[in-house]
Amino acid sequence: MVENRPFLTFLTHMVLIVGVVVVVFPVYLAFIASTHGSGDFLSGVPPLLPGPHLIDNYYKMLTTGLSSAGAPPVWMMMMNSLVMALTIAVGKIAISIISAYAIVYFKFPFRLLAFWAIFLTLMLPVEVRIIPTFKVVADLGMLNSYAGLAIPLIASATATFLFRQFFLTVPDELMEAARVDGAGPIKFFRDILLPLSRTNIAALFVILFIYGWVQYLWPLLVTTDPKYYTIVMGIKRLAAVADSDPLWNLVMAAVILAMLPPVLVVIFMQRLFVKGLVETEK
Amino acid sequence: MATLDLKGVKKTYPGGVAAVHGVDLEIADGELVVLVGPSGCGKSTLLRMIAGLESITEGTISIAGDVVNRKEPAERDIAMVFQNYALYPHMSVRGNLEYGLKNRGTPREDIDQRVAEAARILEITPFLDRKPRQLSGGQRQRVAMGRAIVRKPKAFLFDEPLSNLDAKLRGQMRIEIRRLQRTLGTTSVYVTHDQLEAMTLADRLVVMNAGRIEQVGKPIELYDRPASLFVAGFIGSPPMNLFEIDKLRSLPGAEALQTLPAGTGIVGVRPDTVALSQANGPSIKLTGTIELIEPVGGESHLYVRCEGINQIVTIVAQGRTGLTETSMLDFWLPQAGFHPFNIETGKRLA
């Protein structure tokens with residue numbers, strides 16, 4: 001597809017640039033807002049150039065937060081989010097890789113049924129089963145706890161399915177060679193399957209970490225104690241103050257901070273992530 | 001090093017499909033036995049049963065006198081070389097060679113010494129720290145063999161190990177496998193569908209068809225005296241010409257048929273025993289049109305359509321023949337080259 005048509009090149013670049021602007025501009029706006037003092041928003045026109053209060057705003061949000069809005073310091077909420085996102089990502093990967101291993105490599109009664117049961121839960125994401133799940137979590141006394149935040153979100157049909165598809169592409173001879181070499185099921189899993197799944201695990205980790213990080217509805221339901229607030233739901237609380245205008249500069253500082261970890265995860269795992277999506281190492 | 005004993009070995013898959021219908025075979029210590037047959041004849045299944053990768057429905061398999069039916073592959077002390085090599089992609093060549101030894105708790109210095117020795121024999125020492133994907137097909141094949149020989153197993157099992165290589169490399173590796181097996185003196189079972197590979201490698205050749213052994217013997221015995229029509233058609237390239245005896249009776253020289261045993265329905269003649277000039281001794285004369293000439297180099301394969309018997313006859317002619325396609329050709333089937341078969345049983349007579 002080596003073509004040289006200046007107009008087409010121009011057009012495609014325009015489309016891409018417009019797309020980038022649409023995505024980046026709000027982020028830019030949020031960042032600029034987080035560098036201003038609280039008075040700069042009264043005019044109703046958001047400023048477009050950086051202001052002088054960058055360090056003040058971030059320092060205030062990280063350390064004390066907005067007590068008037070009933071929200072703890074941002075660092076605490078970020079820690080909660082981090083714990084929740086990590087538990088969800090690691091838990092999902094651990095459980096789904098083991099269940100996929102069982103489904104692909106072992107013959108046991110009702111194997112197909114087990115697979116379809118897992119597959120069917122794809123139709124039942126948290127939001128659909130939120131009331132019964134809440135009831136179960138409440139009855140188990142897991143409200144206001146990290147366990148309550150993370151465990152109900154761990155079961156994952158998607159990840160199981162992905163690992164299953166990957167395992168199916170691993171040649172059977174590899175398993176047979178390992179058997180001849182004296183590797184039992186656990187050794188085969190640990191020495192061969194796990195290293196081969198490395199890039200898939202990395203890609204899934206990125207996706208699942210972000211999935212855990214952006215959870216909003218579930219933390220909103222199961223936490224009433226500010227000690228367990230997560231950052232994404234906390235932002236909503238910061239913005240929804242009664243009887244006064246939201247302190248946009250501080251809210252935006254929290255927004256920018258909330259954006260950082262997913263960005264960092266993507267940046268640091270990008271190489272593995274892309275590898276995991278485009279190639280399988282065989 | 002060990003003997004291998006198969007007694008009444010049968011394999012029936014859960015769906016009721018029978019892949020192997022009772023195979024008896026004794027393999028002597030240090031012997032290289034080649035299982036050959038068309039796809040689906042059960043040769044791979046049989047090999048995998050010896051390896052322990054398939055369960056045995058009936059019968060017993062013994063290695064060095066021990067019945068191994070219920071043993072895991074690793075406990076049988078065999079090594080297998082797979083068609084697609086089955087190297088662990090994330091491990092270096094060294095890691096691949098070491099893995100089996102590590103799993104059975106071989107001491108470190110012993111591992112290092114064995115790996116070094118295997119690498120030296122197979123000339124893969126320079127690649128020990130590379131990953132399999134950085135190697136060529138032939139090098140991977142060597143690593144796969146290395147993985148087998150470091151273990152010093154009782155038997156090698158080869159499952160079509162050369163079919164992923166190009167023709168030239170296949171020839172080379174074939175020679176190397178033969179040399180290696182002779183040097184190490186390890187009992188080996190080798191599965192292939194390539195009859196040339198089978199003929200050249202085997203101490204003894206086992207021709208299989210539809211889950212049964214058709215014939216066992218030295219390669220040249222099978223070539224000279226095929227026990228059935230199937231073996232006659234499978235061993236030798238191009239395959240043997242088969243004639244219905246009744247069609248030959250009216251031809252000049254048909255009295256050559258009189259010495260054939262009673263009940264002969266089909267007469268086989270190898271393409272290389274067909275004579276282009278009247279030979280000594282009784283022979284049947286045929287005439288036909290040359291449809292196609294395949295010059296192979298030192299010899300040519302002629303495909304001659306004989307109107308009289310309504311059949312195409314294959315002839316291997318040595319040297320340059322000077323013949324051209326569409327020209328007429330007289331040729332003779334010498335009595336000495338006749339292979340008599342019964343038409344119903346497909347078995348050889350006498």
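Only the coordinates and a few stated rules stand behind these numbers; no lab work does. Because the structure is predicted, anything quoted here is derived from the model rather than measured. In this analysis, Cβ positions are derived from the backbone assuming ideal geometry, glycine residues included, and neighbour counts consider all displayed protein chains.
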- [ ] Would you tally the residues in the range A:171-190 being facing chain B (nearest Cβ under 7 Å) and not in a helix (DSSP H, G or I)?
- [x] 4
- [ ] Kindly provide the set of residues from the range B:94-104 that are buried (at least 16 other Cβ atoms within 10 Å of the Cβ) and in contact (Cβ under 8 Å) with a residue 24 or more places away in the chain, ordered by number.
- [x] B:Arg94, B:Asn96, B:Leu97, B:Glu98, B:Tyr99, B:Gly100, B:Leu101, B:Asn103
- [ ] Might you check whether a residue that is under 17 Å from A:Ala258 (Cα atoms), of a type in the set (A, V, I, L, M, F, W, C), within 24 Å of the chain's Cα centre (by Cα) and surrounded by 11 or more Cβ atoms within 10 Å (Cβ to Cβ) occurs anywhere in the range A:43-66?
- [x] yes
Task: Number of positions in the range A:18-45 that are free of Cβ contacts under 8 Å to residues at least 60 places away in the same chain, in contact with a Leu (Cβ under 9 Å, 6 or more places away or on another chain) and part of a loop (DSSP other than H, G, I, E, B) - done: 0
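Select, from B:Leu251, B:Leu276, the only residue that is more than 31 Å from the chain's Cα centre (by Cα) and farther than 30 Å from B:Ile56 by Cα.
Sole residue among the options that is more than 31 Å from the chain's Cα centre (by Cα) and farther than 30 Å from B:Ile56 by Cα: B:Leu251.
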Task: Odd one out for B:Arg130, checked against (1) charged (D, E, K, R); (2) part of a loop (DSSP other than H, G, I, E, B); (3) within 25 Å of B:Arg76 (Cβ to Cβ) - done: (3)
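Based on what the data block shows, is A:Ile207 more than 30 Å from A:Ile98 (Cα to Cα), more than 14 Å from chain B (Cβ to nearest Cβ) and without any contact (Cβ under 8 Å) to a residue 40 or more places away in the chain? Break it down into steps so the answer makes sense when it comes.
Details: more than 30 Å from A:Ile98 (Cα to Cα): no; more than 14 Å from chain B (Cβ to nearest Cβ): yes; without any contact (Cβ under 8 Å) to a residue 40 or more places away in the chain: yes.
In short, no.
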- [ ] Would you mind telling me which numbered condition in (1) outside any strand (DSSP E or B); (2) more than 14 Å from every other protein chain (Cβ to nearest Cβ); (3) under 23 Å from B:Val81 (Cα atoms) B:Leu35 fails?
- [x] (1)
Open item on the list: Among the residues of the range B:315-341, what is the count of those that are touching a residue at least 24 places away in the same chain (Cβ under 8 Å) and part of a loop (DSSP other than H, G, I, E, B)?
Closed with: 6
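Matching residues to (1) touching a Ser or Thr at 6+ places or on another chain (Cβ under 6 Å); (2) buried (at least 18 other Cβ atoms within 10 Å of the Cβ); (3) assigned to a strand (DSSP E or B):
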| site | (1), (2), (3) |
| --- | --- |
| B:Asp246 | no, no, no |
| B:Ser250 | no, no, no |
| B:Pro271 | yes, yes, no |
| B:Leu286 | no, yes, yes |
Open item on the list: Can you tell me which of (1) surrounded by 15 or more Cβ atoms within 10 Å (Cβ to Cβ); (2) in contact (Cβ under 8 Å) with a residue 24 or more places away in the chain; (3) within 14 Å of chain B (Cβ to nearest Cβ) is the one A:Leu247 doesn't meet?
Closed with: (3)
- [ ] Looking at (1) outside any strand (DSSP E or B); (2) in contact (Cβ under 8 Å) with a residue 60 or more places away in the chain; (3) more than 30 Å from B:Val23 (Cα to Cα); (4) of a type outside the set (Ser, Thr, Tyr), find the lone condition where B:Asn280 falls short.
- [x] (2)
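This table checks each residue for (1) within 27 Å of the chain's Cα centre (by Cα); (2) surrounded by fewer than 20 Cβ atoms within 10 Å (Cβ to Cβ).
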residue: B:Glu58; (1), (2): yes, yes
residue: B:Asn69; (1), (2): yes, yes
residue: B:Phe82; (1), (2): yes, no
residue: B:Tyr88; (1), (2): no, no
residue: B:Ser92; (1), (2): no, yes
residue: B:Glu117; (1), (2): no, yes
residue: B:Ile121; (1), (2): yes, yes
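Report yes if A:Thr199 is within 22 Å of the chain's Cα centre (by Cα) and within 14 Å of chain B (Cβ to nearest Cβ), otherwise no. Walk me through how you get there before you give the answer.
On the way: within 22 Å of the chain's Cα centre (by Cα): yes; within 14 Å of chain B (Cβ to nearest Cβ): yes.
In short, yes.
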TODO: Provide a single number: the residues in the range B:57-76 that are at the interface with another protein chain (Cβ under 10 Å from one of its Cβ atoms) and in contact (Cβ under 8 Å) with a residue 40 or more places away in the chain.
DONE: 1
- [ ] With the condition kept exactly as written, say whether any residue in the range A:149-163 is of a type in the set (S, T, N, Q), buried (at least 20 other Cβ atoms within 10 Å of the Cβ) and either away from every other protein chain (no Cβ under 12 Å) or over 30 Å from B:Thr45 (Cα atoms) (or both).
- [x] yes
Open item on the list: Looking only at residues that are aromatic (Phe, Trp, Tyr) and part of a loop (DSSP other than H, G, I, E, B) in the range B:84-110, which one is nearest to the other protein chains (Cβ to nearest Cβ)?
Closed with: B:Tyr88
Open item on the list: Among the residues that make up the range A:212-233, is at least one of them free of Cβ contacts under 8 Å to residues at least 40 places away in the same chain and within 11 Å of another protein chain (Cβ to nearest Cβ)?
Closed with: no
